[in-house]
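Down below is the structure, laid out as structure tokens.
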Amino acid sequence: MYPITRHSSRLALREVTIDDVAAVHAIYGSPEATEHMSFTPRSRGQVDLIVARWVASASATPREEYALAATARHSGEPIGFVRLANDPHQPSAATFGFALRPDTWGVGYGREVVRLVCDLAFTELGLHRLWAARSPHNIASERTLLAAGLTEEGRIRAHVHVHGAWRDSITYSILREEWESGQADTSTA
């Protein structure tokens, strides 16, 4: 399935392109933006390789990964990125993660991005379950995931090795029937 597009009143999701390297690096290279991620800031060269892999994954058959730019709808400027990947351990399920530029935090864009990803997962990809994980210290992500309709599931202990230490992850999920029953409250249009 290519190309993927989704939009809300303020944001749009579109396929990542090679032209997005600088925008991805603005997030993936930022110590502030990556503070709670499962990796330390990436170099420009590392981001070049990541974006090239994302672009290549869009033409894979079957498609297992969706790397999408979150853009301001009025300008088309990338403000963040989201990656949805089929979960090889669960049929009809996928995991996702997202990151936004720090200068766009605090205005509800995260919740809109998560709702757009849920809409893609359940209405277009026909998935049954979508899940995400966050650092226990990332309280903003906790609020975002809960506001978007996900349910906290639990803690994976010593799940990620970052900054020279093991870190737990807190997991969240949403099922298709939960998404469908909450559509009136979480409309993305």
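The values are calculated or read from the model by the stated rules, or taken from the named source; none is laboratory data. Given the structure is predicted, the values throughout are model-derived calculations rather than measurements. Cβ atoms come from the backbone with ideal geometry, glycine included; neighbour counts cover every protein chain shown. The protein model used for the area step is the full one, side chains on, heavy atoms only, and it has no ligands, DNA or RNA in it. Shrake-Rupley method; radii C 1.70, N 1.55, O 1.52, S 1.80 Å.
Provide a single number: the residues in region 123-140 that are in contact (Cβ under 8 Å) with a residue 40 or more places away in the chain and open to solvent by 10 Å² or more (accessible area, probe 1.4 Å).
Adding up the residues that qualify gives 9.
Go through (1) within 26 Å of GLY106 (Cα to Cα); (2) hydrophobic (A, V, I, L, M, F, W, C); (3) surrounded by fewer than 17 Cβ atoms within 10 Å (Cβ to Cβ) one by one and return the number of the condition ALA56 breaks.
(1)
Could you tell me which of the residues THR61, THR95 is at pLDDT 95 or above, β-branched (Val, Ile, Thr) and either touching a Leu at 6+ places or on another chain (Cβ under 6 Å) or open to solvent by 10 Å² or more (accessible area, probe 1.4 Å) (or both)?
On the way: THR61 fails: at pLDDT 95 or above.
Only one candidate passes the filter, namely THR95.
Can you tell me which residues in region 96-108 are in contact with a strand residue (DSSP E or B) (Cβ under 6 Å, 6 or more places away or on another chain) and in a helix (DSSP H, G or I)? Working first, answer last.
Kept after step one, since they are in contact with a strand residue (DSSP E or B) (Cβ under 6 Å, 6 or more places away or on another chain), are these residues of region 96-108: 96-101, 104.
Once the filter is applied, which keeps residues that are in contact with a strand residue (DSSP E or B) (Cβ under 6 Å, 6 or more places away or on another chain) and in a helix (DSSP H, G or I), region 96-108 yields only THR104.
Here are some residues: GLU153, GLU178. Which one is under 17 Å from ARG111 (Cα atoms), open to solvent by 50 Å² or more (accessible area, probe 1.4 Å) and modelled with pLDDT of 95 or more?
After applying the criteria, what remains is GLU178.
Within region 24-50, can you find the residues that are open to solvent by less than 50 Å² (accessible area, probe 1.4 Å) and either farther than 30 Å from ASP168 by Cβ or of a type in the set (Ser, Thr, Tyr) (or both)?
TYR28, SER30, THR34, GLY45
Quick one: is ARG143 open to solvent by 50 Å² or more (accessible area, probe 1.4 Å), farther than 27 Å from GLU178 by Cα, without any contact (Cβ under 8 Å) to a residue 40 or more places away in the chain and of a type in the set (Lys, Arg)?
no
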